[in-house]
Amino acid sequence: MRATEIIAGIDEAGRGPLAGPVVAAAVILPENFSALSQLADSKLLTAKKREALAVIIRAEAMVGVGIAEPAEIDRVNVLEATMRAMARACRGLPMAPEKVLVDGNRLPHLDCLAEAIIGGDSSEPVISAASIIAKTVRDALMVRAALRWPGYGLEGHKGYGAKTHMDALQGLGPTPIHRFSYRPVAGAAEKSAHG
């Protein structure tokens, strides 16, 4: 009999932005993970540190990523889209976990035991690892989106409602990666339709 059960951590990045997807990650850490003491909530780490840790996590741990695109967010709402992205991330793991720890106060539909932990990205290393993967994947997607849709500053604010983003939205109108169910985007879309 195995002494330890297989536990995955799940977290997401990108529920609040006006543009881009929600990205969820699921991570199963090995028992002897080399960077355990360096793990923290991704929001508390510098971008450089997150990137370095993401490389180590991908090299040593099992990782699954799930994405909910803006059109899905608009269709079902951001909370439901987040739950779907989390479930996809869990299904994307190369091994099925016996238990899942999820950051927050809600659980996606999963085929195993699961526990929601408020502040889990700070208290549970396996969730911290998931938060780092989710954030680095989403940031990379937004940097790539900035090349396709220049002028919005997506590479800087990553789709959040920064002043530069709000100004660009009013001046240029929304792009296909904007979330039209979000009021500032809907307002900008209406303005450009009547512009």
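Per-structure values
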| quantity | calculated |
| --- | --- |
| Total formal charge among the other residues, if their Cβ is under 11 angstrom from that of Gly9, Lys/Arg +1 and Asp/Glu -1 | -4 |
| Fluctuation leader among Met142, Met62, Met83 - the chain, Gaussian network, Cα springs under 10 angstrom | Met62 |
| Set of aspartates and glutamates with alpha-carbon distance to Lys99 below 13 Å, sequence-local pairs under 8 removed | Glu5, Asp111, Glu115 |
| Helix-only [θ]222 nm of the chain, DSSP H runs n ≥ 4, -39500 (n - 2.57) each, per residue, nearest 500 | -14000 deg cm²/dmol |
| Reachable lysines from Lys191, criterion Cα separation under 17 angstrom, eight or more residues apart if same chain | none |
| Within straight-line cross-link reach of Lys43, lysines at Cα separation under 24 Å, skipping those fewer than 8 residues along the same chain | Lys135, Lys158, Lys163 |
| For the stretch 7-194: relative contact order, % (alpha-carbon pairs under 8 angstrom, 6 or more apart) | 30 percent |
| Gaussian network model of the chain, Cα within-10 Å springs - most flexible of Asp41, Asp74, Asp103 | Asp74 |
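No lab work stands behind these numbers, since they all come straight from the coordinates. As the structure is a computational prediction, the values presented were derived from the model and not from experiment. All Cβ positions, even for glycine, are placed from backbone atoms using ideal geometry, and neighbour counts span all protein chains on display.
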